[in-house]
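The values are calculated or read from the model by the stated rules, or taken from the named source; none is laboratory data. In this text, all values refer to a predicted model and were calculated from it rather than measured experimentally. Positions of Cβ are backbone-derived with ideal geometry, glycine not excepted, and every protein chain shown enters the neighbour counts.
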Amino acid sequence: MNNTRYITLKDGTQLPAIGQGTWNMGDDSARKAEEIQALQYGLELGMNVIDTAEMYGEGRSESLVGEAIQGRRDDVFLVSKVYPHNAGGERLINSCENSLKRLGTDHLDLYLLHWRGQIPLHDTVEGMEKLVQQGKIRRWGVSNLDVEDMNALLSLPDGKNCATNQVLYHLGSRGIELDLLPWQEEHQMPIMAYSPLAQAGTLRRELLSHQALQDVAEQQGAHPFQIMLAWCIRSGNVMAIPKASSREHAESNATAAAIELTSEQLDLLNGAFAAPSHKVPLDMI
């Protein structure tokens with residue numbers, strides 16, 4: 001099975017619109033084998049983007065991913081993230097090298113600043129460019145930055161090399177549609193949407209039980225989670241990276257890429273979960 005939708009990075013790289021997140025994976029040793037199988041099955045289904053971070057389980061997630069991709073590194077577009085307090089100078093280089101060791105690879109396809117901290121963006125960009133020159137990362141980006149921060153980033157030398165911005169985005173959290181999403185589209189910089197399933201609906205408890213979502217799922221012969229993913233990637237400028245800790249979840253996520261929502265179904269969902277009408281702070285978890 002292959003994803004039927006893709007996003008395109010500024011450098012022309014095409015990636016599937018649904019990838020694999022790993023937040024909270026690797027924390028429970030009893031589930032390790034199942035989680036590794038889920039990631040490997042996800043790769044077989046065409047979800048070749050795997051996203052992790054040094055923060056996730058303080059490296060446990062990266063170690064799990066490293067085991068899952070052993071012997072198949074060339075099949076994976078590998079993403080990790082650096083803590084803000086490590087995002088400059090030698091700390092950035094060391095963080096990257098430690099992530100590479102845990103992942104069992106010599107390079108990352110994409111390395112992200114996890115969120116903005118006290119280290120100046122200039123230092124982070126300089127360090128990221130150095131890592132690119134050293135061959136330790138292929139490209140870099142950011143996470144949890146709003147429009148003001150993105151404008152500050154692009155004003156820097158080499159700031160335009162930012163490949164993506166990874167932010168919270170799901171049917172119940174649509175604030176980025178007012179300004180950040182259009183800004184990203186204008187700058188040919190796709191969004192990576194984390195927690196596109198609102199952490200299995202727990203971020204907005206009324207999501208899964210809402211009649212509109214239930215109706216669309218029934219019309220499509222799909223699970224509400226699949227409808228949420230199809231909705232998230234509808235524009236062609238957003239990649240969703242849901243977590244799947246079982247083979248069944250991986251298959252459900254991969255299948256969602258083929259769902260085409262009708263204009264009537266989109267209207268129904270937009271009516272039930274409207275985007276805010278004014279600027280709101282960037283949602284983060």
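Return the residues of region 148-182 that are surrounded by fewer than 18 Cβ atoms within 10 Å (Cβ to Cβ), in contact with a helix residue (DSSP H, G or I) (Cβ under 6 Å, 6 or more places away or on another chain) and closer than 30 Å to F273 by Cα; say none if nothing qualifies.
D179
Considering each residue of region 20-38, count those that are surrounded by 24 or more Cβ atoms within 10 Å (Cβ to Cβ) and closer than 13 Å to P242 by Cα, and give that number.
5
Assuming I50 fulfils every condition listed in (1) part of a loop (DSSP other than H, G, I, E, B); (2) modelled with pLDDT of 95 or more; (3) of a type in the set (A, V, I, L, M, F, W, C) apart from one, which condition is it?
Going through the list (1) part of a loop (DSSP other than H, G, I, E, B); (2) modelled with pLDDT of 95 or more; (3) of a type in the set (A, V, I, L, M, F, W, C), I50 breaks only (1).
Which of the residues belonging to region 56-115 are acidic (D, E), part of a loop (DSSP other than H, G, I, E, B) and surrounded by 19 or more Cβ atoms within 10 Å (Cβ to Cβ)? Reasoning before the result, please.
In the first step, residues of region 56-115 are kept if they are acidic (D, E); the result is 58, 62, 67, 74-75, 90, 97, 106, 109.
Okay, now just the ones that are also part of a loop (DSSP other than H, G, I, E, B), so 106, 109.
Scanning region 56-115 gives a single hit, D109.
Say whether the condition of being loosely packed, with under 13 Cβ neighbours inside 10 Å and not in a helix (DSSP H, G or I) is met by at least one residue in region 237-253. Step through it out loud before you land on a result.
Within region 237-253, the subset loosely packed, with under 13 Cβ neighbours inside 10 Å is 248.
Restricting the remaining residues to those that are not in a helix (DSSP H, G or I) gives none.
Within region 237-253 (the criterion being loosely packed, with under 13 Cβ neighbours inside 10 Å and not in a helix (DSSP H, G or I)), the answer is no, since none of the residues qualifies.
Looking only at region 141-175, which residues are part of a helix (DSSP H, G or I) and among the β-branched types (V, I, T)? Steps first, answer last, please.
Initial filter on region 141-175 (part of a helix (DSSP H, G or I)): 147-154, 159-161, 175.
Correct list: V147 only.
Could you tell me whether region 4-17 includes any residue that is basic (K, R), outside any helix (DSSP H, G or I), touching a residue at least 40 places away in the same chain (Cβ under 8 Å) and in contact with a Gly (Cβ under 8 Å, 6 or more places away or on another chain)?
If we filter region 4-17 for residues that are basic (K, R), which is where we start, we get 5, 10.
Still in the list and also outside any helix (DSSP H, G or I): 5, 10.
In the following step, the residues that additionally are touching a residue at least 40 places away in the same chain (Cβ under 8 Å) were identified as 5, 10.
The next check asks that each one be in contact with a Gly (Cβ under 8 Å, 6 or more places away or on another chain); those that pass are 5.
There is at least one residue in region 4-17 that is basic (K, R), outside any helix (DSSP H, G or I), touching a residue at least 40 places away in the same chain (Cβ under 8 Å) and in contact with a Gly (Cβ under 8 Å, 6 or more places away or on another chain).
Looking only at region 232-256, which residues are modelled with pLDDT of 95 or more and touching a Lys or Arg at 6+ places or on another chain (Cβ under 7 Å)?
Matches in region 232-256: I233 only.
Take L229 and decide whether it is modelled with pLDDT of 95 or more, crowded, with 18+ Cβ neighbours inside 10 Å and either touching a helix residue (DSSP H, G or I) at 6+ places or on another chain (Cβ under 6 Å) or under 28 Å from L78 (Cα atoms) (or both). Give the steps one after another, and end with the answer.
Details: modelled with pLDDT of 95 or more: yes; crowded, with 18+ Cβ neighbours inside 10 Å: yes; either touching a helix residue (DSSP H, G or I) at 6+ places or on another chain (Cβ under 6 Å) or under 28 Å from L78 (Cα atoms) (or both): yes.
So L229 fits the description; yes.
Identify, please: which residue in region 130-142 is under 15 Å from T164 (Cα atoms) and surrounded by fewer than 22 Cβ atoms within 10 Å (Cβ to Cβ) and is, among those, nearest to the chain's Cα centre (by Cα)?
Of everything passing the filter in region 130-142, R139 is nearest to the chain's Cα centre (by Cα).
Sort through Q211, Q188 and tell me the only one that's surrounded by fewer than 17 Cβ atoms within 10 Å (Cβ to Cβ) and on the phi > 0 side of the Ramachandran plot.
Details: Q211 fails: on the phi > 0 side of the Ramachandran plot.
Result: Q188 is the single residue among Q211, Q188 that is surrounded by fewer than 17 Cβ atoms within 10 Å (Cβ to Cβ) and on the phi > 0 side of the Ramachandran plot.
Just to be sure before I move on: is A193 at pLDDT 95 or above, of a type in the set (G, A, S), under 22 Å from Y56 (Cβ atoms) and assigned to a helix (DSSP H, G or I) in the structure I sent?
No: the conditions fail for A193.
Cβ-Cβ below 9 Å, separation at least six or inter-chain, first residue in region 229-245 and over 18 Å from L213 (Cα atoms) and in contact (Cβ under 8 Å) with a residue 12 or more places away in the chain, second basic (K, R) and surrounded by fewer than 23 Cβ atoms within 10 Å (Cβ to Cβ): which pairs?
G236/R5; S245/R31
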